[in-house]
Structure formats: structure tokens, C-alpha cells
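Quick notes on the structure that follows.
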Amino acid sequence: MPKLKVDGVEIEVPAGATVLQACELAGKEIPRFCYHERLSIAGNCRMCLVEVKPGPPKPQASCALPASEGQEIRTDSEMVKKAREGVMEFLLINHPLDCPICDQGGECDLQDQSVAYGRGASRYHENKRAVTEKYMGPLIKTVMTRCIHCTRCVRFSEEIAGVDEIGALYRGEDTQITTYLEHAASHELSANVIDLCPVGALTSRPYAFEARPWELKKTLGIDVSDAVGANIRIDSRGREVLRILPRVNDDVNEEWLSDKARYQVDGLTRRRLDRPWLRKNGKLVAATWDEAFAAIAKVKPAASIAAVAGDMVDCETLFAAKALLGALGSNLLEGRQTGLKYATDNLAAVNFNSTFAGIETADAILIVGSHVRWEAPLVNARLRKAAKRGAKVFIIGPAWETTFPATFLGEDVGIINAVPDEVRAALLAAKRPAVIVGGGGLAKGALEPALALYSEVHSALVITDENEGWNGFNVLHMAASRMGGLMLGYAQGGGIADLGAAKPKLLLSLGADEVDYAAFADSIIVYVGHHGDKGAHAADVILPGSAYTEKAGTYVNTEGRVQFAEKAVFAPGDAREDWTILRALADALKVSVGFDSFEGLRAAMIAAVPALGIEGLADYGALPTGVSGTAAGVIAYPIKDFYLTNPIARASETMQRCSAELLHCETFAEAAE
């Protein structure tokens with residue numbers, strides 16, 4: 001590890017570090033525009049200039065200069081100060097300086113660094129250049145005259161997303177950043193370029209002119225649009241959520257976020273359930289809370305009550321419903337809405353055991369029945385990293401457009417029963433083999449044969465320091481509530497069919513919008529949810545609940561990571577937090593659930609399942625042994641439309657337009673001004 005001096009202070013840095021990283025380790029702030037720690041080094045903005053000895057007597061770009069033994073680095077000399085002022089002056093030659101009308105105002109790197117490192121005035125008075133706007137789709141607004149050609153957006157699209165949609169045209173002063181053929185950026189991570197852009201060239205189209213950053217209340221939350229559990233920041237003003245941004249968590253989402261997680265936010269205010277409803281003479285009519293509870297009490301379900309959990313429910317709500325059913329003498333709980341019926345006696349067998357960060361290090365990966373780009377875009381970005389490191393990837397299922405080299409083996413899940421020799425050889429030769437089973441594979445019974453295959457591969461593994469403790473068997477769920485529900489017992493042996501066969505008098509639907517309610521034609525359906533979606537249409541009684549931004553709660557992602565989200569805003573109208581509805585319902589049914597406050601509910605939940613009280617990865621133990629089975633049938637991926645997978649997204653105008661334009665190629669005429 002080389003030793004060097006930064007402003008007279010000697011430090012030791014890791015081998016391969018750059019001078020910029022060395023300065024940061026020494027606690028020095030180095031300005032930059034093009035450099036980003038998760039992207040390749042471009043070295044084209046020249047803002048990170050420092051003075052280095054030994055070396056030529058001129059400022060050098062610290063991002064592209066390797067740190068070496070004996071270097072003396074100056075970050076605050078007069079030469080460095082003057083060079084940075086000159087670079088900033090050049091960057092502002094053509095920048096339009098329209099900060100008052102720019103959505104980046106208040107959180108703009110160019111603003112901040114021009115104040116800290118720039119001159120007080122410009123010496124250039126020539127006309128500024130102008131660049132025509134580019135159309136990058138319904139999510140990204142462009143004002144390309146502001147662009148400083150840092151190429152972060154280009155490098156993100158190529159390196160992280162794996163979709164070469166953005167690039168540079170022309171040379172010198174004529175350089176322009178654009179999508180090829182000026183088509184919309186259509187991949188699932190496209191809007192991350194907005195966060196990466198250090199100026200106001202790429203901003204959020206749906207959020208344009210909505211608010212300034214200092215007007216917003218910032219709340220830490222967890223995304224529920226898929227089972228990854230991305231860490232998010234919820235920005236709200238008053239009772240309305242205006243935008244959602246990613247938070248940095250290297251173990252989960254790094255600092256990226258899928259377009260759906262970011263932009264389904266406008267669906268939180270549309271098609272909302274804000275008062276109770278009762279079905280009378282075949283039609284839903286508005287009611288009071290007392291009337292709704294009285295109607296439910298008349299059913300007198302006793303033990304003939306069942307609960308089915310939706311995809312976006314927090315663990316506290318799940319536990320409250322379980323306590324209510326337990327007090328009535330029922331254990332009919334289910335969370336797998338679409339009929340899946342895999343074994344759940346060992347949760348390690350249905351967990352993403354390698355973790356998201358770990359899957360990057362796998363060197364042979366078999367994916368069974370998962371369209372990863374749509375089911376978990378952030379996991380797809382991790383798989384791309386593994387492929388770039390040399391991992392061989394094989395996929396059983398219908399072909400989809402991958403962002404990395406992969407071999408499709410066929411659409412029939414029966415291939416998993418006896419995988420081709422090429423695949424078996426690759427898995428057996430790998431130091432860190434991995435198997436990923438998705439929803440399409442689970443639906444066709446692929447779990448047991450995949451476990452049997454992985455057990456065979458793992459038993460042949462030569463254990464070294466490199467792979468000690470490696471568990472590469474993974475199940476990729478798609479519902480934010482799935483693992484939490486399984487930990488709380490929301491699983492019947494035969495899946496949702498068992499609930500239908502029990503013919504309960506009362507079915508408690510906890511935001512379950514993907515269930516086929518025809519199986520419950522003889523039941524009174526009570527829907528506790530926040531949107532007038534499929535579940536509400538089938539309900540006899542609607543009790544308006546809270547969306548994920550309107551309540552605090554615990555979520556467990558597909559890798560078994562327990563995370564806690566805070567409450568950002570209040571629910572609209574007469575809607576209430578779900579646990580309070582279930583607590584009041586217990587009173588209406590004259591049973592005791594053992595808690596009267598959110599703190600009491602959490603304490604009871606943690607006492608029942610201690611793992612839910614510790615943020616981090618839950619320990620599910622070892623994989624089961626001696627598992628065998630066969631799978632059969634052509635795989636069909638569960639997600640047909642990436643942008644419309646949940647009631648919030650289906651209520652979102654932005655997501656509807658993304659679906660229409662990016663997936664179904666519909667055109668939208670712009671109004672004349």
C-alpha cells in the first residue's frame with residue numbers, strides 16, 4: 001500500500017487508488033463533474049485538478065492519476081485555485097445561467113461548485129451557443145443547452161443499465177448528448193441519469209416546476225414496487241408526496257432506483273379510497289365506519305374467516321390480521337395471491353441466499369423462469385456486473401432482451417430435471433455457482449428440482465477461502481410483502497386454493513388485488529386497501545387503508561433483509577392506518593388481539609418473530625437436504641407489463657403513459673403553444 005502526502009499529511013492508500021480517492025481519504029474535498037465512483041473514469045471535465053510532485057509543474061486531473069509511493073499532493077495551492085477558476089469559467093461560457101427557472105436549482109453541483117471554486121465574474125462576452133432539446137421519453141425532461149458534456153448519462157446507460165441508448169454526436173463546440181435517432185430512453189433504470197446529471201440538462205419531466213428542494217419534507221422509506229426493498233427518500237409537501245429518490249445502500253440498491261419505484265408516486269393521489277363503502281343491492285354505496293363495522297359484525301364469522309395478503313403490505317399489518325384471526329380461532333392465512341404452492345417449512349429454500357451483493361461474485365448462474373429485467377431491475381444490474389466479470393449465465397424460459405451475454409436453453413421448465421451437459425459442467429467447475437428461481441419457475445414446480453441440482457453442485461464444490469460459506473441458491477420473489485408474510489405464516493399447503501376450498505364466511509383482503517375472487521363467491525369479502533382496484537371491485541365492504549408512504553412499517557425483501565420505513569404523510573379523507581382498522585375490527589367482532597398501540601403491536605410481533613425486530617439479514621438456517629422432484633410445462637412470466645404491476649402504478653398517469661409509449665409504441669401528440 002503506497003504512502004503519500006496530501007497537503008503535508010502522510011497517509012497510506014490502497015493499491016490501485018487514484019489521487020482523487022487519496023485526497024478524499026485524507027479528508028480533502030475535490031470538486032468534480034464527470035467523475036463518479038460507480039462509473040468508469042472519463043477525465044473530461046478537468047475540475048478535479050491538483051498539484052502533484054514529482055511531476056510536471058502544472059495541475060493534473062486527480063481522477064485519472066494513479067496514486068503512487070512518495071507523491072506530494074497539494075489541493076489548496078495558488079496554482080490549483082487559479083486552475084479551477086479557469087475550468088469553471090470555461091464551463092460557464094455556454095451555460096445559460098437560468099437558475100431561477102431550472103428544476104435543478106438548490107441541488108445543483110454546478111451552482112455549488114461555481115460558488116466555492118469559481119470566479120466572481122466572467123471575462124467572456126460572446127454569444128452563448130444553443131442546443132435543440134432532445135426527446136428522451138415521458139420521464140426525462142431535457143434542456144441540453146445546459147449540458148457540460150460530463151458523459152455521466154452515457155456511461156451509466158452503457159455500463160450499469162447495459163442499454164446503449166445515449167451517446168455523443170459531433171465534436172468540439174458542436175458536441176451534443178442525445179438518444180440515438182432521438183427515440184425515448186426505454187429501459188427500466190433510465191431515470192437514474194437525472195440523479196447523475198450535475199447540471200439541469202436532464203431533469204424529471206413529471207416533477208417539472210412542482211417544488212424547490214427546501215420546501216420538501218424528507219422521509220426515509222422502503223420501495224414496495226418489487227421485492228428488492230430499495231432504500232428511498234420520500235419528498236413531500238403538506239399531505240402530498242411529490243417525488244421519490246433513491247438512498248445509498250450498497251447492500252441493496254447501491255444508489256439506483258427503477259423507473260416504476262420512482263414515478264408511480266403520482267398514483268398515490270388518484271383512484272384513492274378515502275371513505276368506507278358497503279355493497280347494497282349489488283352496488284357500492286358510501287358508508288360510515290360504524291355502519292361498515294356493524295355490517296361485518298352481522299356476519300358472525302367465528303372461526304370461518306380467512307385472510308389473504310396483498311403484495312405491498314407491511315409486516316405490522318400482517319401480524320395484526322393474524323392476531324385477529326387467531327383470536328377468532330382461524331389460521332387460514334395466505335399471501336401467494338396467484339396460486340403458487342411451494343413448500344415453506346424451510347425459508348432458506350425460498351430465500352435469495354447469495355444476497356444481491358453476493359450474486360455479483362458468482363461465476364456460473366442458472367436462471368429458471370425469471371424475466372429479471374422486469375421482476376427486479378436492480379438485481380438485473382447486479383447480474384450484468386457478474387457477467388462483465390466473466391460469469392456464464394444460462395436461462396430456462398422464453399427469451400427476453402438481456403443486458404448481458406446469456407444462453408437461453410428453452411421455454412420448457414422440464415429442462416431443469418436434466419440440464420444440458422454444458423450447463424452442468426459450468427456449474428460444477430464454478431467456484432461460486434448460483435441458481436435463481438423466479439415466479440415463472442415456481443408456478444411450474446421448479447423449486448424442488450432446482451434445489452436438487454444445486455445440492456449436487458454444492459456437494460462437489462471445493463471449499464476455499466474464496467467461497468467458504470457460499471450459498472448460491474436463490475428464489476427471486478416479486479412482492480414486497482412475500483418474505484415477511486412467509487415469516488408470519490401466510491402460507492397454506494395448497495396455496496390460495498386451500499382458502500377457497502375452506503369456504504370461509506368472511507374473507508379479509510389486505511390490499512390483495514391479484515386474487516381470483518371467483519373462488520370466494522360465497523364469502524363476504526372485506527377489502528382493507530388504498531386504491532379502487534381489482535380487490536375493491538370484488539369487495540362487499542371496503543375499509544380505506546394507508547399506502548406505503550402513509551404509515552410506518554417493517555418490510556422483508558427477497559434476500560431476507562428486514563428494513564423499517566417511516567411515515568411520510570397522512571392518508572386522505574377518512575382512510576386510516578391498516579393496523580388501527582384491524583384493531584377496531586377486533587372490537588366489532590368482540591375479540592381481543594392483545595395490543596392497543598403501534599408500539600404494542602410491534603412488541604407483540606417481535607416477541608412472536610424476533611427476527612423482525614433486527615434490521616439486517618434474517619438467519620433462515622441451512623438449505624434442506626434430500627429434496628427431489630420434477631417440473632413440467634412451458635414457462636410463462638408473471639409480469640406482462642413492467643409499468644402496471646400494482647394498484648398504485650395502475651392509477652399513475654405517468655406509468656400508464658410509459659406503458660403505452662415505451663411498451664406498446666403508441667404516439668402522443670404535443671399541444672401547440
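Looking at this structure, is residue 415 among the β-branched types (Val, Ile, Thr), under 19 Å from residue 639 (Cα atoms) and either open to solvent by 10 Å² or more (accessible area, probe 1.4 Å) or outside any helix (DSSP H, G or I) (or both)?
no
Have a look at 534, 551 and point out the one that is touching an Asp or Glu at 6+ places or on another chain (Cβ under 6 Å) and open to solvent by 40 Å² or more (accessible area, probe 1.4 Å).
Result of the check over 534, 551: 534.
Looking at (1) crowded, with 16+ Cβ neighbours inside 10 Å; (2) without any contact (Cβ under 8 Å) to a residue 60 or more places away in the chain; (3) not in a strand (DSSP E or B), which one does residue 619 not meet, given that it meets all the others?
Of the numbered conditions (1) crowded, with 16+ Cβ neighbours inside 10 Å; (2) without any contact (Cβ under 8 Å) to a residue 60 or more places away in the chain; (3) not in a strand (DSSP E or B), the odd one out for residue 619 is (1).
Give 17, 64 a once-over and let me know the one that is modelled with pLDDT under 95, within 33 Å of the chain's Cα centre (by Cα) and either under 25 Å from residue 175 (Cβ atoms) or of a type in the set (Ser, Thr, Tyr) (or both). Explain how you work it out, then say what you get.
On the way: 17 fails: either under 25 Å from residue 175 (Cβ atoms) or of a type in the set (Ser, Thr, Tyr) (or both).
On inspection, the qualifying residue turns out to be 64.
Quick check on this structure: which one of 34, 48 is closer than 23 Å to residue 195 by Cβ and in contact with a strand residue (DSSP E or B) (Cβ under 9 Å, 6 or more places away or on another chain)?
48
Residue 441 - would you say it is modelled with pLDDT of 90 or more and on the phi > 0 side of the Ramachandran plot?
no
Conditions tested, residue by residue: (1) in a helix (DSSP H, G or I); (2) surrounded by fewer than 19 Cβ atoms within 10 Å (Cβ to Cβ); (3) modelled with pLDDT of 95 or more.
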{"position": "301", "(1), (2), (3)": "no, no, no"}
{"position": "308", "(1), (2), (3)": "no, no, yes"}
{"position": "320", "(1), (2), (3)": "yes, no, yes"}
{"position": "330", "(1), (2), (3)": "no, no, no"}
{"position": "337", "(1), (2), (3)": "no, no, no"}
{"position": "343", "(1), (2), (3)": "no, yes, no"}
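Please go through segment 247-290 and give me each residue that is closer than 20 Å to residue 534 by Cβ and among the aromatic types (Phe, Trp, Tyr), ordered by number.
277
Of all residues being in contact with a strand residue (DSSP E or B) (Cβ under 9 Å, 6 or more places away or on another chain), within 21 Å of residue 274 (Cα to Cα) and of a type outside the set (D, E, K, R) in segment 554-580, which is surrounded by the fewest Cβ atoms within 10 Å (Cβ to Cβ)? Just the residue, please.
573
Quick check: anything in segment 195-211 part of a strand (DSSP E or B), of a type in the set (A, V, I, L, M, F, W, C) and crowded, with 17+ Cβ neighbours inside 10 Å?
yes
For segment 419-445, how many residues are open to solvent by 70 Å² or more (accessible area, probe 1.4 Å) and not in a helix (DSSP H, G or I)?
Going through segment 419-445 one residue at a time, the tally reaches 2.
Among the residues of segment 537-548, write down those that are assigned to a loop (DSSP other than H, G, I, E, B) and either open to solvent by 10 Å² or more (accessible area, probe 1.4 Å) or touching a Cys at 6+ places or on another chain (Cβ under 6 Å) (or both).
Scanning segment 537-548 gives a single hit, 540.
If residue 558 satisfies all but one of (1) out of contact with any Phe, Trp or Tyr (no Cβ under 8 Å at 6 or more places or on another chain); (2) at pLDDT 95 or above; (3) polar (S, T, N, Q), what's the number of the condition it fails?
(1)
Which one of 602, 657, 583 is in a helix (DSSP H, G or I), crowded, with 18+ Cβ neighbours inside 10 Å and modelled with pLDDT under 95?
Numbers: 602 fails: modelled with pLDDT under 95; 583 fails: modelled with pLDDT under 95.
After applying the criteria, what remains is 657.
What is the one condition in (1) in a loop (DSSP other than H, G, I, E, B); (2) among the small types (Gly, Ala, Ser); (3) surrounded by fewer than 16 Cβ atoms within 10 Å (Cβ to Cβ) that residue 607 does not satisfy?
Here residue 607 clears every test but (1).
Name the residues in segment 626-652 that are more than 18 Å from residue 513 (Cα to Cα), open to solvent by less than 10 Å² (accessible area, probe 1.4 Å) and touching a strand residue (DSSP E or B) at 6+ places or on another chain (Cβ under 8 Å), would you?
Result: 635, single match.
If residue 662 satisfies all but one of (1) at pLDDT 95 or above; (2) more than 20 Å from residue 350 (Cα to Cα); (3) open to solvent by less than 50 Å² (accessible area, probe 1.4 Å), what's the number of the condition it fails?
Failed condition: (1).
Tell me, which residue of segment 399-412 that is open to solvent by less than 50 Å² (accessible area, probe 1.4 Å) and closer than 23 Å to residue 389 by Cα is farthest from the chain's Cα centre (by Cα)?
Within segment 399-412, the match that is farthest from the chain's Cα centre (by Cα) is 409.
I need the full set of residues from segment 133-168 which are without any contact (Cβ under 8 Å) to a residue 40 or more places away in the chain and either of a type outside the set (A, V, I, L, M) or open to solvent by 40 Å² or more (accessible area, probe 1.4 Å) (or both), in order please.
133, 157, 158, 164, 165, 167, 168
Give the residues of segment 88-131 that are acidic (Asp, Glu) and within 36 Å of the chain's Cα centre (by Cα), sorted by residue number.
Result: 98, 103, 107, 109, 112.
Can you say whether residue 240 is of a type in the set (D, E, K, R) and either touching a strand residue (DSSP E or B) at 6+ places or on another chain (Cβ under 9 Å) or under 20 Å from residue 543 (Cα atoms) (or both), as far as the supplied structure shows?
No; evaluated as a whole, the condition is false for this residue.
Hand me the list of strands (runs of 3 or more DSSP E) wholly inside segment 1-118 holding 3 or more residues that are surrounded by fewer than 17 Cβ atoms within 10 Å (Cβ to Cβ). Steps first, answer last, please.
On the way: elements: 3-6, 9-12, 49-53, 72-74.
Per the criteria, 9-12.
Answer yes or no as to whether residue 501 is without any contact (Cβ under 8 Å) to a residue 60 or more places away in the chain and farther than 24 Å from residue 649 by Cβ.
yes
I'd like the full set of residues that are more than 23 Å from residue 456 (Cα to Cα) and at pLDDT below 90, limited to segment 611-639.
None; the set is empty.
Yes or no: residue 462 closer than 26 Å to residue 339 by Cα and of a type in the set (Val, Ile, Thr)?
Judged against the criteria, residue 462 is not a match.
The values are calculated or read from the model by the stated rules, or taken from the named source; none is laboratory data. On a predicted model such as this, the values are computed, not experimentally measured, just so you know. So basically every Cβ, Gly included, is an ideal-geometry build from the backbone, and we count neighbours across all protein chains shown. Remember, those area values only see protein heavy atoms, side chains included, never the ligands or the DNA or RNA. Shrake-Rupley method; radii C 1.70, N 1.55, O 1.52, S 1.80 Å.
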